[in-house]
Amino acid sequence: MDYILKPVEALRSPEKPPLGEVLDELARILREWRVKAIREANGIAARDDAARLEALRLLGARLAPIALGGGEAWADVDELDPYWDLTPRPGRVYHGALDLLTGEWPTPLVRLRSLSRGGVRVWAKLEAFNPFSWSVKDRVGWALAAGYIEEEGRPPRLVYEATSTNTGMALAGMAAIYGFKLRAYIPASIQRASDTLLAAMGAEVVRLPYSLTVESLDLVRREAERDGAVNLDQFNNDRNLMVHIRYTAREIDYQARTAGLRLRGIIGGIGTSGHMSAIGFYHKHRSRGETRIYCVQPAPGEKIPGIRRVETGMKWIGLAKPDRIVDVTKSEAVEAVLSVARREGLLVGLSSGAATAGFLKLLEEGLLEDGDYIIVYPDNGLKYVEQIKAHLEGGGGGGLHHQG
Ligand code: PLP
């Protein structure tokens, strides 16, 4: 062996390489599942090897191979302890709410018997098992806040953020922990319950006369500048993508390996595109193209909270290289929520319903090969009682009106 292993945490880059270079290195590592040893002196990586070191950090590996002598050496990624932090704490005892967030990862992956047919086995990744917003956005709220603190050396005083609710709740959790104030800007189209949920968590809520969160970005940025607030901006902040590579996508890899899955496809909804871009990037490379990526968007003219159409602009979607983008109506999404609730006992959120409806469309086309499929469920149904009630009262899904 002509390399030794050192903790990634003990190594530094001489300067921060551009994210594009880090992603190129990471793509190579994921495809080959091996990495060329890094040249280093006194804990500082050689300039030419900095992007590779940062790729290992982004991958979440605990160890990095350090070259001994002048020759080339390669380490298998499995030697680098790539899943070291993905085991829940013993006894599930946590010494604080922040520890609870990261300590409970991976979020559960559960087989959905009602959706599995023949050789097609379907699994759901339940992001509602996150403590602050009960959604996938806890990861992003944490990454944005912790990233800011790491860069600035102190927490922000005041944060303004455009959100469809979940990132707002996640940041409200961070505000409680790190001691900052939060103003959440939410579009008029979002359910009324969000005002109460965000206010209960201590956030100031501003409703804006838009139907999409993304339409308010300029206004929020301007108001933050005017008031000396920090706009963390989940839509453009690369930490959104990065936290989903390091955790969400790697968790899926770990879970698929643990359960011995043949991962044929992963399907999910797109808002900022953070989670599906990261999952697509990771698993397209890791499977060398065997795992297909399917993204779900609202059909033209339809509004489904948390997701939007790809042409409204998404920073990272190109990294996912989606094989298909499937349109779903709101009514189809709610019908799928009811179907999962009534056949699995799990009341999932509307974008989870949309992802399920999208998957069923692909299944009905008869083109899905046998194997395992993962649907990402971003949150649960509790925030959406208003929409579910309206659907039931409108005659969908068996109705609220009982006989007699
Ligand atoms: N589903 C829900 C319920 C959401 O809140 C969001 C984002 O806000 C999404 C899906 C989309 O996730 P992403 O922003 O990672 O594309």
Practice problem: Leaving ligands, DNA and RNA out of it, work out the accessible area of residue 174 with a 1.4 Å probe and give it in Å² to the nearest 10. | Solution: 0 Å²
Quiz item: What's the longest bit of the chain with no exposed GluC sites (Glu not before Pro), using DSSP loop states and at most 15 other Cβ atoms within 10 Å as the test?
Solution: 73-289
Exercise. May I ask for the longest run of the chain untouched by trypsin sites (Lys or Arg not before Pro) that are loop-located per DSSP and have at most 12 neighbouring C-beta atoms (other than their own) within 10 Å?
Key: 289-404
Practice problem: Please determine, in degrees from 0 to 90 and to the nearest 10, the orientation of helix 166-178 with respect to the longest principal axis defined by the Cα atoms of the chain, where the helix direction is its Cα long axis. | Solution: 60 degrees
Quiz item: When the solvent-accessible surface of protein heavy atoms is calculated with a 1.4 angstrom probe, in what order do 312, 163 fall, highest first?
Solution: 312, 163
Quiz item: Around residue 348, which amide H atoms from residues at least 5 apart in sequence, or from another chain, sit under 5 Å from its own amide H, with H modelled in the peptide plane?
Solution: 341, 381
Exercise. For the range 1-80 and the range 101-146, write down the distance between their C-alpha centroids in whole Å.
Key: 29 Å
Quiz item: Tell me, what is the percent relative contact order of the range 137-237, built from C-alpha pairs under 8 Å that lie six or more residues apart?
Solution: 32 percent
Quiz item: If contacts are Cα pairs under 8 angstrom and at least 6 residues apart, what is the relative contact order of the chain in percent?
Solution: 14 percent
Quiz prompt | Per residue, in Å², the accessible surface of the chain once ligands and nucleic acids are set aside, probe 1.4 Å | solution = 42 Å²
Practice problem: Compare 94, 384, 185 in a GNM of the chain, Cα atoms joined below 10 Å, and give the one with the largest fluctuation. | Solution: 94
Self-check item: Backbone HN-Hα couplings from phi across the range 29-43 [Karplus 6.51/-1.76/1.60, Hz, Gly and Pro as x]
Solution: 4, 5, 5, 8, 6, 8, 9, 6, 4, 8, 8, 8, 9, 6, x
Practice problem: Pull out the extension gain between residue 68 and residue 154, defined as 0.36 nm times the separation in residues minus the alpha carbon to alpha carbon distance; nm, one decimal. | Solution: 27.1 nm
Quiz item: Once amide H atoms are built 1.01 Å from N in the peptide plane, which residues 5 or more positions from residue 296, or in another chain, come under 5 Å H to H?
Solution: 268, 269, 270, 326
Quiz item: When DSSP beta bridges are limited to those with both residues in the chain, what percentage is antiparallel, rounded to the nearest 5?
Solution: 35 percent
Exercise. Please find, in a Gaussian network model of the chain (springs between Cα atoms separated by less than 10 Å), the residue of 20, 274, 118 whose mean-square fluctuation is greatest.
Key: 118
Quiz prompt | Leading residue at positive end of dipole, the chain (Cβ point charges), from 228, 110, 240 | solution = 110
Quiz item: From the phi of every residue in the range 145-154, what ³J(HN,Hα) in whole Hz does the Karplus formula 6.51 cos²θ - 1.76 cosθ + 1.60 yield, where θ is phi - 60° and glycine or proline is x?
Solution: 5, 5, x, 4, 5, 5, 6, 9, x, 7
Quiz item: Okay, helix-only estimate at 222 nm for the chain: each DSSP H run of n ≥ 4 adds -39500 (n - 2.57), divide by all residues, round to 500 deg cm²/dmol; what do you get?
Solution: -11000 deg cm²/dmol
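The values are calculated or read from the model by the stated rules, or taken from the named source; none is laboratory data. This structure is a prediction, so every number in the text was calculated from the model and none was measured. Don't worry about glycine lacking a Cβ; one is built from the backbone with ideal geometry, like all the others, and counts go over all protein chains shown. Areas reflect the complete protein model, heavy atoms only, side chains present, ligands, DNA and RNA absent. Shrake-Rupley method; radii C 1.70, N 1.55, O 1.52, S 1.80 Å.
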